[in-house]
Every structure is written in structure tokens, then in C-alpha cells.
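Colleague: Handing you this structure, nothing more for now.
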Amino acid sequence: MTRVLNTQRREPVSGDTRSAVIFLHGYGANGADLMGLADPLAEHLPDTLFLSPDAPEEIPGMPMGRQWFPIPWIDNSSEEESERGMRAAVDDLNAFLDAVMVDEDLLPEQVVLFGFSQGSMMSLHVGPRREDELAGIVAFSGRLLSPDLLEDEVVSMPPILLVHGDQDDVVPVQSLPEAAEALQKAGFKDVYAHIMKGTAHGIAPDGLSVALAFMRDKLHLG
């Protein structure tokens, strides 16, 4: 039984939904965290619906903070608890994506996943394991979970943009080339990368500009 994800929503400025960008927030945040990015993006993606679901689990002792799955080095959870939480969140996210496409009458090639940190980990894990190829995945400041399993488990190869700050002290910037190498080894041809100079664990204007150009291209708006 999957969990329904509480979701922030911003309608297309044109009033006509022809694509969707789905923000997946990081550990300790919630759906509202990335929704502010819809403002600078919307004027360049006028027919795009922006959705930002809350991760399914509350974090004990952190009001309003949510997680896609426990992180052992932060909350002293076990590797088994983390793995179990991740598998449950994958099911939740897949059910959410299926529902969005039905409810909004969208095809997979009209949907972009836009993740930050733990949300990037989710998007990079879920997207390639979905049968129908998404328009693209934007992954800021994350890493690829279980890279050794990707080649055997991949069923679609959406275009992927990896973006990372070179001063990130939460998820090391080395995670970007490691993810790119694993994706290419698994057969992905459409993998792009951008390093945000002087940026810590966050989203800088140059990274957002690159992400916008990527999304416009993959949604065939450029």
C-alpha cells in the first residue's frame, strides 16, 4: 500500500498544462522548499505545471522536516532501515508519478524530475527503472544510489543533467563524476554535467540557468 504524498502545486502561467516539472526536496526539508524555484522558471516554461510533493516520512524531532528514507550517519538508523525506507519511498514516488500523468493527461516524455540532494538520489534511482522514458532528470547535489545495480536494473534511459557545487561539504562533488561514469557504463548516452564554482550544498543561479536550458530542450521548447 503506497502513501499519498502531500503536494504543493503551481499552475502553468498560460493556463494550459503541456508538461510538468516535479521537484523532489532534500532531507529535512519539505515540498515548499523547492517551490520558490517555480517563480524564475515559470516565465520560460509557460505551459508547465510545477509540483513539489512532501517526502513520505516525518523526521523525529524535526518539525516540518521530512525524509524520503533514513540516513544512518545522520539519524543512527541501520542500513536495513535505510534500504527498507528507500524501497517504500520508491513505490510511493512511482505511484505519485503514475497518478500525475493520469490526472493531468500527460505522457512520460512531458514530465521532468528535478531533485535536490536526497531528492536527486530518488530521481536518479526511480527514473531509469520506469518503463516509459521521462523527458529528463535534473539532479542537483546528489549521488547515484546502488551504482553497481544500475546496469542490470535499468529499463529506460532518460536524458540526465547532473549539477553540483564544488564546495559541497554535505554530498562531495566527487559524487558527480562517479554518477556520470556509472550512467555511461550502463549505456546512457544523454548525460550532461555542470559544476557550480564556489557553491556549497545548494542551487546557484548558474546551475539553475543550465537546468532551465536542459528542461526547455528536453521538453522541445528551445
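Colleague: Just one of 200, 211 is among the hydrophobic types (A, V, I, L, M, F, W, C), under 22 Å from residue 33 (Cβ atoms) and exposed (fewer than 15 other Cβ atoms within 10 Å of the Cβ); which is it? Give the derivation first.
Modeller: Working: 211 fails: exposed (fewer than 15 other Cβ atoms within 10 Å of the Cβ).
After applying the criteria, what remains is 200.
Colleague: Looking at region 114-165, which of its residues are in contact with a Lys or Arg (Cβ under 9 Å, 6 or more places away or on another chain) and of a type in the set (D, E, K, R)?
Modeller: 151, 153, listed by residue number.
Colleague: Return yes or no: is residue 102 aliphatic (A, V, I, L, M) and surrounded by fewer than 15 Cβ atoms within 10 Å (Cβ to Cβ)?
Modeller: Yes.
Colleague: May I pose another question? If you scan region 202-222, which residues turn out to be closer than 16 Å to residue 176 by Cα and under 15 Å from the mean Cα position of the chain (by Cα)?
Modeller: Answer for region 202-222, where residues must be closer than 16 Å to residue 176 by Cα and under 15 Å from the mean Cα position of the chain (by Cα): 202, 203, 207, 211.
Colleague: If you don't mind, there's one more thing I want to ask. Here is a check on your reading of the model: is residue 112 β-branched (Val, Ile, Thr) and surrounded by 21 or more Cβ atoms within 10 Å (Cβ to Cβ)?
Modeller: Yes: the conditions hold for residue 112.
Colleague: Output the residues belonging to region 8-32 that are closer than 20 Å to residue 103 by Cα, part of a loop (DSSP other than H, G, I, E, B) and of a type outside the set (Gly, Ala, Ser).
Modeller: 11, 12, 13, 16, 17, 18
Colleague: Still on this structure, please answer the following. Between a residue in region 1-12 that is on the phi < 0 side of the Ramachandran plot and surrounded by fewer than 17 Cβ atoms within 10 Å (Cβ to Cβ) and any residue that is acidic (Asp, Glu) and modelled with pLDDT of 95 or more, which pairs come within a Cβ distance under 6 Å, given they are 6 or more apart or on different chains?
Modeller: Partner pairs satisfying both residue conditions: 2/91; 2/92; 3/92; 6/54.
Colleague: Which residues, taken from region 75-99, are surrounded by 14 or more Cβ atoms within 10 Å (Cβ to Cβ) and outside any helix (DSSP H, G or I)?
Modeller: Matches in region 75-99: 77 only.
Colleague: Is it fair to say residue 193 is in contact with a Leu (Cβ under 7 Å, 6 or more places away or on another chain) and surrounded by fewer than 18 Cβ atoms within 10 Å (Cβ to Cβ)?
Modeller: In short, yes.
Colleague: Among residues belonging to region 33-44 that are within 18 Å of the chain's Cα centre (by Cα) and in a loop (DSSP other than H, G, I, E, B), point out the one that is farthest from residue 22 (Cα to Cα).
Modeller: Filtering first and then ranking leaves 36.
Colleague: Next question, about the same structure. From 56, 70, 63, grab the single residue that is under 25 Å from residue 129 (Cβ atoms) and modelled with pLDDT under 95.
Modeller: 70
Colleague: Among the helices (runs of 4 or more DSSP H) lying completely within region 127-222, list those that include at least 3 residues that are in contact with a strand residue (DSSP E or B) (Cβ under 9 Å, 6 or more places away or on another chain) and in contact (Cβ under 8 Å) with a residue 12 or more places away in the chain.
Modeller: Result: 175-185, 205-218.
Colleague: Let me ask another. Any residue in region 13-23 that is buried (at least 16 other Cβ atoms within 10 Å of the Cβ) and without any contact (Cβ under 8 Å) to a residue 60 or more places away in the chain?
Modeller: No.
The values are calculated or read from the model by the stated rules, or taken from the named source; none is laboratory data. Remember, it's a predicted structure, so these values are computed and weren't measured experimentally. Glycine gets a Cβ as well: all are built from the backbone with ideal geometry, and neighbour counts include every protein chain shown.
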